[in-house]
1. With every protein chain left in place and a probe of 1.4 Å, what is the accessible surface of H58, to the nearest 10 Å²?
2. For an R0 of 56 angstrom, estimate the FRET efficiency from the Cβ-Cβ distance between V82 and N572 and round to the nearest 0.05.
3. Just to confirm a number: summing +1 for Lys and Arg and -1 for Asp and Glu over residues other than S79 whose beta-carbon lies under 9 angstrom from that of S79, what do you get?
4. Can you tell which of L321, G273, Q305 lies farthest toward the positive end of the dipole of region 269-338, using +1 and -1 charges on the Cβ of basic and acidic side chains (Lys, Arg; Asp, Glu)?
5. Of S274, S563, which has the most accessible area with a 1.4 Å probe, and how do the rest follow in descending order?
6. Please report the net charge: other residues with Cβ closer than 12 Å to the Cβ of I108, K and R +1, D and E -1.
7. Solvent-accessible area of I464, probe 1.4 Å, all protein chains present, reported in Å² to the nearest ten, please.
8. Can you give the local net charge around V70? Use residues other than it whose beta-carbon is closer than 12 angstrom to its beta-carbon, Lys and Arg +1, Asp and Glu -1.
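The values are calculated or read from the model by the stated rules, or taken from the named source; none is laboratory data. Keep in mind that this is a model prediction, so the values were computed, not measured. Using ideal geometry, Cβ is built from the backbone for each residue, glycine included, and neighbour counts are taken over all protein chains shown. Surface areas here come from the heavy atoms of the whole protein model, side chains and all, with no ligands, DNA or RNA. Shrake-Rupley method; radii C 1.70, N 1.55, O 1.52, S 1.80 Å.
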Amino acid sequence: MLAVRMFKITAATLLSVCVLLVLVLWFVDFGFLKPKVESTISDLTGREFRIDGALSVHLLPVPTLELTNVSLANAEWGSEPVMLQADRAYVRMGLLAWRAHPIVINRIELQQATLLLETGPQQQMNWSFPFMQSDGVMQSDGVMQSDGVMQSDPEPPLNQETGGMSIPVVVHAADIQGVRITYRQPQSQDQVMVLESIAATGEQTTRLQGKLRYGDLPLQVTAEVAQHSVQARIEAEPEAQNPAEPVALKARIDFPAQGFDVDLAVNSLAKLGSLLQVEGLPDQAVALKGHITLGEDRISVGLYQATLGNSDVRGSVQINLGEPLRFDAQARSKVLDLTPFMPLNDEPESESATKPASISPFVFDDTPLPMDLLRSLNLKLDADVERLMLRNTELEQFKLNADARHGKVSLTNQFSGYLGGSFTSTVELDASGSEAKIAVDSKVRDIRLGMLTGPGVPKEEVPITNLNILVQSSGNTIRALAGKLDGGIALNQGAGKVNNDLVRRFSGDILSQLITALNPFMHKQKFTHWECSMFALRFTSGFGEIKGFLLQSDQLMVVGGGSIDLNSEALNIEFNTKPRTGVGVSADMFVTPFVKLGGTLGRPSVGLNRKGVLLSGGAAVLTGGMSFLYTGIMDRATAAADHCDEARAVIEDAVEKAESGSSQD
């Protein structure tokens, strides 16, 4: 009996204690712990945390937390004293919500808050706190153990049904008003987003809608967030002058068994660019789909697909995060149309307007090559485009391959012209030693490109072009590479039409002046009917000699000679223009036949005179065996003859000597 009585007394006591505990947890507000909360968070963050308003904490019937007038100080180096400030924050969650997955928050409210995220001049981040570090090392990629061994981050939460990732937190209801987020970097304009009003409701699927502002751009957002997928639509508020066509962005993210799928679409790239103050983008829809996998040591984007207008690109990307970092990418396209990004201006841009001011008098200055960067490159890129559309021309079977590792970079490129012919190029750069070495071998064979002909010209009237570039050099600065350049460049273009207006548009100030001085018919005719255009230029230790130069049309002939010294960057080239037969051709059109291109590469100048200097007494040296064409007494009868075959033989001989010399090297 005594045992029974003692049991009843003990049970009654425990029950009373439990009831009392429940009543305490139900009715007592733990706001009196505010000083302890402030000091704990201040110690944890290493910054002053203040609750200037009230703190209300209830554990029953459901855990709730409410704070008013809270603030967190910024880093000492920060541009402002406060990083975070909020008028009111309220959170209500399930009793055992923190032990469930996903974590369920019944309701969250945030009113009139400001958050400043910034980086410092020494690459500091104000969102880095002491509790995120161990022995002064930032845990950006893992958690540092006490023995100093890096432990990988915990795996992201998995979808129990499919084994894939899932949303770790579910919010059933939310009310966010007036939250301003600013991202600041040194010497950059602040990026500001304001969440004006965001409301969320739902249980299995949370539906979110609201208004936000990015800079001066007002946006509307709607979204549905489930445990294993996110769908969102963001669109600009309709403009008063064009309310029917606002820019809209749609996104969907799904979490399958491995990684996650992304599906993005924008109805107009031009409208999006205009709202973001980015001009020159085409008014075409953009879509992007891809599968992303995140691993401990790699990021993979597999089977991505992108479309812009009638262009398509598909492929894969893989980034290995180990040492050294490795980047691999493949891209394939049936049609890649770049013409929307290549507007054709009516007039050529002025070189003085587009060229940045420079304190160096040299074009090839003493800027050092990024040797450390070149040695650290570790990548492989492969691109294959069946049809590449450019302004006034198209390329077929365009292939580009790049490979870089251990300080050696290899770049190969090849394509076919849509009217026939081919282009192949190899660039080899070796930065593994104390001095960089570069070699370029490019060949154009019987290609017809309409870039300077324009549309509507028959195939047989588009000039056939052959071009050889075979050069090599070494050095650790751009100027050193130019000063040690060896090799040659040779151009041989056959008969065909060239659109004079397109030539002017593709030319800068000086080149346009030179072409106009050489061809007095430039502004009078739409096309120049060239019978041949060719030159050969040979470099030895940066000094380039013109080994032959001839432009011949049905109305005029231009011959030239001289030098380009890449050491001093001095230009010393003279051209002699003479009339040939043709309607409207008269001798008085060439009263100043000699045109000289002088000055330097940085400050070139075009001059006219009646008597040539370079092309008279020294003609035999400058003309590679065609001296009779270049003398100052070249008359109209001499110019009337066809010299294309003779000049072509000289050019081809120069190319053959250059290639044989390279093979012997």
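1. 50 Å²
2. Result of the calculation: an efficiency of 0.30.
3. -1
4. With unit charges placed on the Cβ atoms, the residue in question is Q305.
5. From most exposed to least exposed: S274, S563.
6. Neighbourhood net charge equals 0.
7. 60 Å²
8. -2
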